[in-house]
Structure formats: structure tokens, C-alpha cells
Amino acid sequence: MTQVHQLYKLQETDTEIREKTQRLREVLAGQQPSAELLAARERRDTAVTTLQEWQTRHKNLRLEMESLRREAKNAETRLYSGKVTNPKELADLQHKIESLGRRIEKAEEKVLEAMIMLEDAETEETAAAESLAEIEADWEAKAALLKIEQNELALSIHKLNGVRQEQAKTIDSRDLKEYEALMKKKNGKAIARVRADTCLGCRLTISANKIKEAREGKKIYCGSCGRILYPY
Ligand SMILES: [Zn+2]
């Protein structure tokens, strides 16, 4: 195996490590809660809070209404008990009962309104919880698959790093340094294959003489992009 061939093999390993590392980043990011999931959680939380508010409000209004009803009932009992004979007191009682009647009517309206709001809040809370459960289940299934892929990628990258170490050992240290510098400069591609008479690094033509020399195992550079030519 020529040095260029070994470098080409090393580049294949490096490319695979780079691609798998990139995929690993995506896979890790993909396990973060999605915007859809966050929105569904927020909707459910808001729905729960709103529902609790209306439950409290409805309960308080009902207590208020019941208290007014009790008060009115007591006043009526007293009015018809025959114990009150003073005309002024009787008139006051009657007046009080009428006033309470109006307040009870208003309180009943408020209870009814709160009841409607409460029912709406219950409907929304149910819908929000169902939607969240569905989105959460989808996300969990997706995250579980990504977790499996993450483990596979991590293992694969670990193995490839071992392969790379072994490959690098067989390469002259100056060649290795040059290769690594070229990798950085040339967008992760230091060695370019040649198809017919074209450098696949830059798609420009290589002279027949250069191709011949490269095939003889010499280290030849593309005159246009500066990559090392691998003429196979
Ligand atoms: Zn080139």
C-alpha cells in the first residue's frame, strides 16, 4: 500500500468519524423537548390553572348564594312566626326579604355564569391534556429511537477512533502533519480521487503526466486545489 493510499484510507475513517459525530449532535439535539411539546405543556398548564380558578370562583359564589338564601329564609320564618307585631319592624323585615330576593337573583346569575365558564374550562383542560398525552407519546417514542441511535453512534465513533489510531501509526509523521493541515484548509478533504482526467476535489482537469506519476505511487498535488491526488 502506498503512502497516498494509506492517507486516503485515513481520510475515509476521518470522514466517517466526522459524519457520525455530526449525526450524534443532531441525535442529542433531537432528544430535547420539541417546540410543539413545550407549547402543549404550556397549554395544559394554563388550562389547569384556569380550571382551578373557576372551580374556586364557582364554589365561593355558590356559598355566597346559599348564605343569602339562608338569611332570607330566616327573615321569612321570623316574619310569619307571629312573634313580630311592631308594624315598623314588620315593614323592615318585608323590605329586607325583598332586598335579599334581588341579591339572591343576582347571585344565582353569577353562579350560572361561573358554571358555564367552569364547564368551558373543563372541556379545554380535557382537550389540552389529551393533546399533550398524544404529543408526549410521539416524542417519547422518537426520543427512545434516538437514544438507541445515540448509543450505536457513540460505540461506532469509539471503534473508529481506534481504527484511526492504528492507521495513523503506519503513516510517516511529516505526511500525517501535512495531511491534517490540508484537511483543515481543504474543507475536510485532503486527498482527492481522480476520475478520468478530473480532480474530484475541484472538478478541474489533471494532466496525463501527473496522473501517470500519481499512479506510480508518487505524491502528486492537484495544480488547482492543492489536494494530494489519489488516481483511482
Ligand atoms: Zn483539484
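The values are calculated or read from the model by the stated rules, or taken from the named source; none is laboratory data. Everything numeric in this text was worked out from a predicted model, so none of it was measured. Using ideal geometry, Cβ is built from the backbone for each residue, glycine included, and neighbour counts are taken over all protein chains shown. Note: accessible area is taken over every heavy atom of the protein model, side chains too, but ligands, DNA and RNA are not part of it. Shrake-Rupley method; radii C 1.70, N 1.55, O 1.52, S 1.80 Å.
Each 5 Å bin from 0 upward holds the following percent of the Cα-Cα pairs of the range 62-122: 4, 18, 22, 18, 12, 10, 7, 4, 3, 2, 0. About the centre of its Cα atoms, the range 31-142 shows a dipole size close to 1140 debye [charges on the beta carbon of Lys, Arg (+1) and Asp, Glu (-1) only; nearest 20 debye]. Among the trypsin sites (Lys or Arg not before Pro) in the range 1-90, those located in a DSSP loop and surrounded by at most 11 other Cβ atoms within 10 Å of their own Cβ are LYS83. Summed over qualifying helices (DSSP H, 4 residues or more, each -39500 (n - 2.57)) and divided by its residue number, the chain shows a 222 nm mean residue ellipticity of -28000 deg cm²/dmol.
When only the Cβ of Lys, Arg, Asp and Glu is charged (+1, +1, -1, -1), the dipole of the range 162-215 relative to its Cα centre reaches about 220 debye. Using the Kirkwood radius over Cα pairs, work out the Stokes-Einstein diffusion coefficient for the chain at 25 °C and 0.890 mPa s, in µm²/s as a whole number. My calculation gives 96 µm²/s for D. Considering only THR85, SER99, TRP139, and ranking their Cα positions along the charge dipole of the range 31-142 that arises from unit charges at the beta-carbon of Lys, Arg, Asp and Glu, the one farthest toward the positive end is THR85. The orientation-averaged shadow of the Cα convex hull for the range 34-144, equal to a quarter of the hull surface, comes to 8.4 nm². Each Lys and Arg contributes +1 and each Asp and Glu -1, all at the Cβ; summed about the Cα centre of the range 80-126, the dipole is approximately 760 debye.
Listed by chain and number, the lysines whose alpha-carbon sits under 16 Å from that of LYS83, ignoring those within fewer than 8 places in the same chain, are LYS73. Residues CYS225, CYS202, ordered by accessible area of protein heavy atoms at a 1.4 angstrom probe radius and largest first, appear as CYS202, CYS225.
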